[in-house]
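Read the structure below first, then the notes.
The values are calculated or read from the model by the stated rules, or taken from the named source; none is laboratory data. Please read all numbers here as calculations on a predicted model, not as lab measurements. Cβ atoms come from the backbone with ideal geometry, glycine included; neighbour counts cover every protein chain shown.
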Amino acid sequence: NGPGDPNMCDVTVEHIRKAIAGDKPICGICMGNQLLAKAAGSNIFKLKYGHHSHNQPVREVGTNKCYITSQNHGFAVDPSSLGSDWEELYINLNDGTNEGIRHKCKPFFSAQFHPEACGGPVDTMFIFDEFLKNL
């Protein structure tokens, strides 16, 4: 994960590109969201202030489900640059930025927040169950 500049991780992005050519499940967390998106061809941009706290509200796209998440990042995925095989999975309710993506038919998904964080809410621990189900 990060924080860090995903635009400086070209070698890692190339490894992810090779992985997404296959169909083994992938779950990216934090910077993994940005790197997965970048490997899929999306643009990443620097946030003015970043997200650094344990109380970031995130909504699952297409639902009314909202989760309180833990975050620590300074960059975000530009959802308008997602390819046609990808879609937003989560958005930040404070500023509308991307908080996760998923492939429309392959078992690839990601979360910008930290579902493993235990210093605060554990609302999103189900993400690991979803990944294990894909395996």
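Here are some notes:
- In the range 91-135, the residues that are closer than 13 Å to VAL58 by Cβ, in contact with a helix residue (DSSP H, G or I) (Cβ under 9 Å, 6 or more places away or on another chain) and not hydrophobic (A, V, I, L, M, F, W, C): THR97, ASN98, GLU99, GLY100, SER110, GLN112, PRO115
- Tabulated pairs, the range 38-58, first closer than 14 Å to HIS114 by Cα, second in a strand (DSSP E or B) and aromatic (Phe, Trp, Tyr), C-beta under 7 angstrom, 6+ apart or interchain: VAL58/TYR67; VAL58/TYR90
- Top-ranked residue in the range 98-108 [being of a type outside the set (A, V, I, L, M, F, W, C) and touching a Leu at 6+ places or on another chain (Cβ under 7 Å); ranked as surrounded by the fewest Cβ atoms within 10 Å (Cβ to Cβ)]: ARG102
- Candidates LYS24, LYS18, filtered to the one that is free of Cβ contacts under 8 Å to residues at least 40 places away in the same chain and basic (Lys, Arg): LYS18
- Filtered residues of the range 106-134 (kept if at pLDDT 85 or above, closer than 16 Å to SER53 by Cβ and out of contact with any strand residue (DSSP E or B) (no Cβ under 8 Å at 6 or more places or on another chain)): none
- Count of residues meeting criterion [out of contact with any helix residue (DSSP H, G or I) (no Cβ under 7 Å at 6 or more places or on another chain) and within 20 Å of ASN92 (Cβ to Cβ)] in the range 8-61: 22
- Within the range 37-57, if we keep just the residues that are of a type in the set (S, T, N, Q) and over 19 Å from ILE26 (Cα atoms), the residue that is surrounded by the most Cβ atoms within 10 Å (Cβ to Cβ) turns out to be GLN56.
- The range 32-64, subset hydroxyl-bearing (Ser, Thr, Tyr) and farther than 18 Å from ILE101 by Cβ, residue nearest to the chain's Cα centre (by Cα): SER53
- Some residue of the range 33-55 being of a type outside the set (A, V, I, L, M), touching a Ser or Thr at 6+ places or on another chain (Cβ under 9 Å) and closer than 24 Å to LEU132 by Cβ: yes
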